[in-house]
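One structure is given below, encoded as structure tokens.
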Amino acid sequence: MAAVPPAIAAQVRAATEVIVQHLGDTLVALHLYGSAVEPGGLRPLSDIDLMATVDRPLPEATRRALMPALLAVSAPPGQDADRRALEVTVLALPEVQPWRYAPRRELQFGEWLRGDLGAGRFEAPQADPDLAILITQLRAHSVALRGPAAAALFAPVPVADVRRAMADALALWHTAADWQGDERNVLLTLARIGYSAATGQFTSKDVAADWAMAHLPVAAQAAMAQARAEYLGEAAPDRAPWPADAIAAAVQSTQALVAQQGV
């Protein structure tokens, strides 16, 4: 059984304390998933991914208190020797029992929201197709920090809905404005979507990037290689503008690949 990696154990404990303090008796389960527990393990810029499952929708006051509190136990990627970026999703169990597409998430915290949270701007609860993918990942690889194992808590998500979630994620990216400033993460997400659509499996971002470089148009391969190298800490972040045509080619290629799977 996977365990919490020692290198992040202290930060996971701190994050757990914050989450338990704010969610109280509504908390059904808390799971660590993603790179921390998947084959291949944490990379230099990997987030710590946590899924908190509650038994009812969150009051607005709880949402507005929890999000800023998480800022104190998270750090922007690569900027703190002792802390990684947290990505925390809160899901109300009645949204997925019984399963329907797309369930609503109560909140999602990530370092990309630090500026908004500091300015008092909060996302509202919203339907989130990506939960189909996250629950599938949880069932495959996760550690229960509180409550039952994910495979006991969540029913399997229909494969058709996992593929539909991939297609919906790809639909978010149309022009350079949709990925500007987040090019590395978009490219690596494209790689994982493409890999999963083609193989039916989930894998680490760098393994998916290796796979993608053999399947993407030539125009996109150098950008994917740079994204992979940065993720692994093998190259410093490239401060030059990412080539918009390369990312557009990667988006279009991945959209076509997912469409071929009958979505």
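Can you tell me the FRET efficiency between Arg43 and Gln126 if r is taken as the Cβ-Cβ distance and R0 is 25 Å, rounded to the nearest 0.05? Each step should come with its number before you reach the end.
Working: r = 29 Å, r/R0 = 1.16.
Calculated value: 0.30.
Calculate the spin-label point distance for Ala69 paired with Ala3, positioning each point 7 Å from the Cα along the beta-carbon direction, and give it in nanometres.
If labels sit at Ala3 and Ala69, their model points lie 2.9 nm apart.
Could you order peptides 121-129, 88-96 by the average number of other Cβ atoms within 10 Å of their residues, highest first?
In descending order of packing, they fall as 88-96, 121-129.
Computed FRET efficiency, Cβ-Cβ of Val159 and Ala256, R0 22 Å: what is it to the nearest 0.05?
0.65
Which of Leu187, Tyr33, Ala256 sits farthest toward the positive end of the charge dipole of the chain, with +1 on the Cβ of Lys and Arg and -1 on the Cβ of Asp and Glu?
Working it through, the farthest residue towards the positive pole turns out to be Tyr33.
Between Ala149 and Arg104, take the C-beta separation as r, use R0 = 22 Å, and let me know the FRET efficiency to the nearest 0.05.
0.40
Report for the chain the percent antiparallel among DSSP-assigned beta bridges with both residues inside it, nearest 5.
70 percent
Would you mind calculating the gained length between Ala14 and Trp112 on full extension (0.36 nm times residue separation, minus the Cα-Cα distance), in nm to one decimal?
The span from Ala14 to Trp112 would gain 33.3 nm if fully extended.
Would you grab the residues whose amide H sits under 5 Å from the one on Ile48? Only those 5+ places off in sequence or on another chain, please, with H modelled 1.01 Å from N.
When sequence neighbours closer than 5 places are left aside, the close amide H contacts are Ala85, Leu86, Glu87.
What residue among Leu58, Leu70, Tyr101 has its Cα farthest toward the positive end of the dipole of the range 24-132, where the charges are +1 on Lys, Arg and -1 on Asp, Glu, each on the Cβ?
Leu58
Can you work out the Karplus-derived ³J(HN,Hα) for every residue in the range 109-115? Use 6.51 cos²θ - 1.76 cosθ + 1.60 with θ = phi - 60°, whole Hz, and x for glycine or proline.
Rounded to whole hertz, the list is 9, x, 5, 5, 9, 4, x.
Using the Cα centre as the reference, give the magnitude of the dipole from point charges on the C-beta atoms of the range 143-263 (Lys, Arg: +1; Asp, Glu: -1; all else neutral), rounded to the nearest 20 debye. Numbers along the way, then the final one.
Details: 8 positive and 11 negative charges, 71 e Å.
Taking the Cα centre of the range 143-263 as origin, the dipole is about 340 debye.
Please list, in chain and number order, the residues 5+ apart from Ala92 or on another chain whose amide H is under 5 Å from its amide H, with Hs placed from the backbone.
The answer is Val54, Glu106.
Would you mind checking which residues have amide H under 5 Å from Leu145's amide H? H placed 1.01 Å from N; only 5 or more apart, or other chain.
The answer is Leu30, His31, Leu32.
How much of the accessible area of the range 1-129, in percent, comes from carbon and sulfur atoms when a 1.4 Å probe is used?
On the range 1-129, the fraction of accessible area on carbon and sulfur atoms equals 53 percent.
Counting only DSSP beta bridges with both residues in the range 1-98, what percent are antiparallel, rounded to the nearest 5?
That works out to approximately 45 percent antiparallel.
How large is ³J(HN,Hα) for each residue in the range 30-44, as worked out from phi by the Karplus curve 6.51 cos²θ - 1.76 cosθ + 1.60 (θ = phi - 60°), to whole Hz, x for Gly and Pro?
9, 10, 9, 9, x, 4, 4, 10, 8, x, x, x, 5, 10, x
Leaving out ligands and nucleic acids, note down the accessible area per residue over the range 149-263 with a 1.4 angstrom probe, in whole Å².
About 48 Å² of surface per residue is accessible.
The values are calculated or read from the model by the stated rules, or taken from the named source; none is laboratory data. As the structure is a computational prediction, the values presented were derived from the model and not from experiment. With ideal geometry, Cβ positions are generated from the backbone for all residues, glycine too; neighbour counts draw on all protein chains shown. SASA here: full protein model, heavy atoms, side chains in, ligands and nucleic acids out. Shrake-Rupley method; radii C 1.70, N 1.55, O 1.52, S 1.80 Å.
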